[in-house]
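The structure under discussion appears below in the form of structure tokens.
The values are calculated or read from the model by the stated rules, or taken from the named source; none is laboratory data. What you see is a predicted model, and the numbers here were worked out from it, not measured in a lab. Using ideal geometry, Cβ is built from the backbone for each residue, glycine included, and neighbour counts are taken over all protein chains shown.
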Amino acid sequence: MSRSPPERRVDSNEGQEAAASGGRNVGRRWRRGGDSSSSRPRSAEAVWPEHFVEAVAAQVAVDAARDGGRLAAAPAVVAVFQVCSTWRAISQSELLWQDLVGRIWNRRLPSFPSWRDDFIHLHRTAANFRSRRSTHSRLLAPSAAVHSCRRMTISEHHLAAGFLDGSVRLFDLPGGRPLATFHVDPHRDRLGPFSHAVAGIVLEEAGRRLAFASQDGDVHVATLGGNSGSVRRAHIGSLMEFGILVDFAGDDRRWVGLFAGPPGWSWHVWDASTEEVLYRGGTLTDPDGVAAWHMLTDASVPAVGRVRMAAPGVAVGCTVSSMEVMDVDGITGRRLNRVDLRHGAVVGSVDAGEGRAVVVDSRGLAKVLHVPALHEICCFSTVRTGEQLQQRPPRQQGEMEGCMNWGYVVVCAAGGVRVWDARTGEYLYSFRERVGEVSAVAAGDRYVGAWANDTGLHVWDYGAL
């Protein structure tokens, strides 16, 4: 791996500035003492073809990101640009930046006129996230007309919040303008006052769709940018046959539901394009059937289970006692791994993405795990000094909410929001704003959204600065 010389290290902000200028602004910083441009070997300019230099630069950046995190990629690739003028010219290659955006940031579609602009934006946003540089706004105030938020999802362009009354409100980002409110059929038969409460939301940006599910098992679909509030029911649930839908997640290819009730029906998988059920089965939630039925009549019941997409075709499900990894790409629902959680899980803290999952146990110890092996990447305590989570009443433990994006774990507890590095477990900071007890939270690459019953819907934007 190529590393900067010890005389001068470039930090993350210098990395983005250097990338923007093709390395010209920091060339002098990377020369060793006593070196001059005339004394350095010049054979590389004449011998090494452009595509080979691009491959070297990309591999140096990938190695740096693997060893030091994604923010290390920009300084490393800038060091490559300083070798000679020919190598510096590679900094103008759009193919190189497209490769780096895909391999470092897992992005396949551009958001800016050039791939280099995309890389700079992603690097700057990540650096802002790490150093707590963000803007805060409140999108929706609590009121008698707004019921408690149960689920939330966030993307590069939208935030969707699902409520206890079965409605989903959609906002644009970064502006925060309300776009639509989607309501379920009010005449649908109910079994309990909260059978229509939203159990999960999927934002399909590529397909311009929003899918959301209710605790009674119904799945609804709406078109982004279509008729405001227009929604159709894509799947009819059956409470008596399959039980309560305790959580719902997915992506552009698969929707995944986690049910609890009658034994043997824990996992439901749909094809997102055809909306057909591909698989039903599994025993993950079998011990939690009684607790799930209480969700229909008691809004304060702690979360029974969570399901998240850890990678394309791979889902992670978690209950208080167990975590399970499923291959949902086929039609057989193959189980890849399962572990019992010795100290129990605070289910509201569970999240997954980019091949990792995070869970906080009843002692307040958070673990970030590699998926599907469920090997530990790092662990850290979410409990402040002097606090003992196990001494709190069980209901207060259930009030902890957590989420994770590509590099950071966000935990909401005791009225505050705190952030840890998901790669090392290092504690980074607390949000300046104390919003109150959070009942739903979601994080993307650029945004964090949270709902607190006392203060409403909040969003923090790390890409605006």
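When TYR429 is tested against (1) part of a loop (DSSP other than H, G, I, E, B); (2) within 24 Å of ILE154 (Cβ to Cβ); (3) at pLDDT 95 or above, just one condition goes unmet, and that condition is (1).
Residues in the stretch 370-399 that are modelled with pLDDT of 90 or more and of a type outside the set (Gly, Ala, Ser): HIS370, VAL371, PRO372, LEU374, HIS375, GLU376, ILE377, CYS378, CYS379, PHE380, THR382.
Per this entry, ALA161 is not counted among residues that are surrounded by fewer than 16 Cβ atoms within 10 Å (Cβ to Cβ) and within 27 Å of SER195 (Cβ to Cβ). Residues in the stretch 341-353: is at least one assigned to a strand (DSSP E or B) and basic (Lys, Arg)? So far as the stretch 341-353 goes, no, none of its residues is assigned to a strand (DSSP E or B) and basic (Lys, Arg).
All of ARG363, ARG356 fail the test of being assigned by TED's automatic domain parsing to the domain that holds ARG418, within 21 Å of CYS378 (Cα to Cα) and modelled with pLDDT under 95, apart from ARG363. Residues in the stretch 153-177 that are in a loop (DSSP other than H, G, I, E, B), farther than 15 Å from SER137 by Cβ and in contact (Cβ under 8 Å) with a residue 40 or more places away in the chain: SER155, GLU156, HIS157, LEU164, GLY166.
Residues that are surrounded by fewer than 17 Cβ atoms within 10 Å (Cβ to Cβ) and modelled with pLDDT of 85 or more number at least 1 in the following helices (runs of 4 or more DSSP H) confined to the stretch 20-128: 50-68, 94-105.
Condition test on TRP97, is it of a type in the set (Phe, Trp, Tyr) and touching a Lys or Arg at 6+ places or on another chain (Cβ under 6 Å)? Yes, satisfied. In the stretch 319-330, the qualifying residues are those that are among the β-branched types (Val, Ile, Thr) and without any contact (Cβ under 8 Å) to a residue 60 or more places away in the chain, and the one that is farthest from VAL359 (Cα to Cα) is VAL325.
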